[in-house]
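Below: one structure, written as structure tokens.
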Amino acid sequence: MTRSAAFYAQAQQLADQIVAWRRDIHMHPELGFQEQRTARLVADTLAEFGIEAQTGVGKTGVVGYLGEGSPVIGIRADMDALPIDEENDVPYRSQTPGVMHACGHDAHTAILLGVAKMLSEMPDRPPGQVRFLFQPSEENSDEDDKSGATRMIEDGALEGVDAVIALHVASDLPAGVITVEDGYSTANEDSFQIVLTGTGGHGAMPHQAIDPTFILAQVLNALQGIRSRRVDPTKAAALSIGEIHAGKASNVIPSQVYVSGTMRSFDDGTRQQLRDELARTLMIARVLGGDFTLRIRPGYPSNYNDPSTAALMRASTVAMIGEDGVMVPEKMMGAEDFAFMTRKAPGAMFMLGAAVGDFSRAHHTPVFNIDESTLPLGAAILADVTCQLLTEKANGKAAKS
């Protein structure tokens, strides 16, 4: 039996335990930087496996250390939930009103615990260190606009790491398949807030006012021209408006209009161009006699999947379940703070299909759910790729010495 097949068989034997961990965490969801119970469960479980666990990393994260020396391979799982009331009628429904694991982070944490158990019991594990990165707050940032990945990096969780890998369950992909692409897999994300300012006035006497809603109409049209007329058409980019607020009465011209939205891109040059073009476009307000303020809140960077690591993930999956287990991914412009980690060390994230199959259970909705039968496959791939990376990185360092 190949090592890939052995991991898959072992993970299937652990299926009930992985599902139990997932359901326990699902019933007790915690928001970002509040994952106290989840962190305790993780640290206690790692200790049962004989794995040294460091708590309080990145505020509420946990890092497990298995093995010593070099190379060092990191495996990341996020732990936080979302402020959503669950509507699923299941035995493991959230017991915390207004909080729900609606993105699968409970599954990620349970899968990584399964990986930790398998690797801790592996008699011929390749030399080096495996670092289990249980990360807080992927969904949100703290008062300093820093997410869990950034906080863990600041606390040294990735010091000396030679490669870092992760997975994300996908409720829109068939259960038991994966997708992983080479290169950019998630987008740069920047949000922006604009205040357009005029003087306001009486609705019956618009000529006596500087109307910020009229300014808004010109600005909105110009904003859509950034993507179509300013950005290289071969570059991926998106600019979307999410909020517009103006006025409180039908016969009053407001003095201000509030606008917010998001910008997405893959390469950093396009990201900066979107920022610059947005500021330049807003000069229209001053031409028309008004003014503006602009705040751009930098979000997560784009994630770049190292092609060689992505190839290992595909090969591992094929070795376990065959060619049909790997689907060609579709490009998307969502954002993921795992990207901060792949900017510290090469790595990749794969998407693990987990569609339930009855109807749409989209991420970030009250009815999100997954097919738990796919969880052992995710654990087996992570364990297998970790061992391959330990061997490859060790051989690469030996060749250079």
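Averaging the sequence gap over all C-alpha pairs within less than 8 Å and six or more residues apart, then dividing by the number of residues, gives the chain a relative contact order of 25 percent.
Which percent, to the nearest 5, of DSSP beta bridges fully inside the chain are antiparallel? The partial results should precede the final answer.
Working: 44 of 63 bridges.
Antiparallel: roughly 70 percent of the beta bridges in the chain.
Heavy-atom accessible surface of Thr2, to the nearest 10 Å², is about 80 Å², with a 1.4 Å probe and all protein chains retained.
Which percent of the accessible heavy-atom area of segment 171-307 goes to carbon and sulfur, probe 1.4 angstrom?
Carbon and sulfur: 53 percent of the exposed surface of segment 171-307.
Prolate is the label for segment 278-365, because a/c, from the alpha-carbon gyration tensor with a ≥ b ≥ c as root eigenvalues, is 1.5 or above and a/b exceeds b/c. The helix-only estimate of mean residue ellipticity at 222 nm for the chain, built from DSSP H runs of length n ≥ 4 each weighted as -39500 (n - 2.57), is -11000 deg cm²/dmol after division by the residue total.
Does segment 107-195 classify as rounded, prolate or oblate by the C-alpha gyration tensor (a ≥ b ≥ c root eigenvalues; a/c under 1.5 gives rounded; else a/b over b/c gives prolate, otherwise oblate)?
oblate
Highest mobility in the GNM of the chain, judged by mean-square fluctuation with C-alpha springs under 10 Å and restricted to Asp371, Asp358, Asp276, is found for Asp358.
Summarising the label geometry, the points placed 7 Å from Cα in the beta-carbon direction at Ser360 and Arg343 lie 3.2 nm from one another. Per residue, the average separation of C-alpha pairs within less than 8 Å and at least 6 apart gives segment 272-352 a relative contact order of 37 percent.
Heavy-atom accessible surface of the chain, averaged per residue, reaches 42 Å², computed with a 1.4 Å probe. The GluC sites (Glu not before Pro) of segment 26-125 that DSSP puts in a loop, and whose beta carbon has at most 10 other beta carbons within 10 Å, are Glu68. The angle between the Cα long axis of helix 375-400 and the main principal axis of the chain comes to about 80°, on a 0 to 90 degree scale.
To the nearest ten degrees, helix 36-48 and the longest principal axis of the Cα atoms of the chain are 20 degrees apart. Val328 contributes about 130 Å² of solvent-accessible surface, heavy atoms of the protein only, 1.4 Å probe.
When the Gaussian network model of the chain links Cα atoms closer than 10 Å, the mean-square fluctuations of Arg23, Arg286, Arg297 top out at Arg286. Connecting C-alpha atoms closer than 10 Å in a GNM of the chain, tell me which of Leu167, Leu382, Leu278 has the biggest fluctuation. Among Leu167, Leu382, Leu278, the largest mean-square fluctuation in the Gaussian network model of the chain belongs to Leu278.
Taking 25 Å as the limit for the C-alpha separation, the pairs Lys117/Lys393; Lys146/Lys248; Lys146/Lys344 exceed it in the case of Lys146/Lys248.
Rounded, prolate or oblate: which one fits segment 56-151, using the alpha carbon gyration tensor with axes a ≥ b ≥ c (rounded when a/c is under 1.5, else prolate when a/b beats b/c, else oblate)?
It comes out oblate by the Cα gyration axes.
The values are calculated or read from the model by the stated rules, or taken from the named source; none is laboratory data. All values reported here derive from a predicted model rather than from experimental measurement. Please note: Cβ atoms are built from the backbone with ideal geometry, for glycine as well, and neighbour counts cover all protein chains shown. Please note that ligands, DNA and RNA were not included when accessible areas were found on the heavy atoms of the full protein model with its side chains. Shrake-Rupley method; radii C 1.70, N 1.55, O 1.52, S 1.80 Å.
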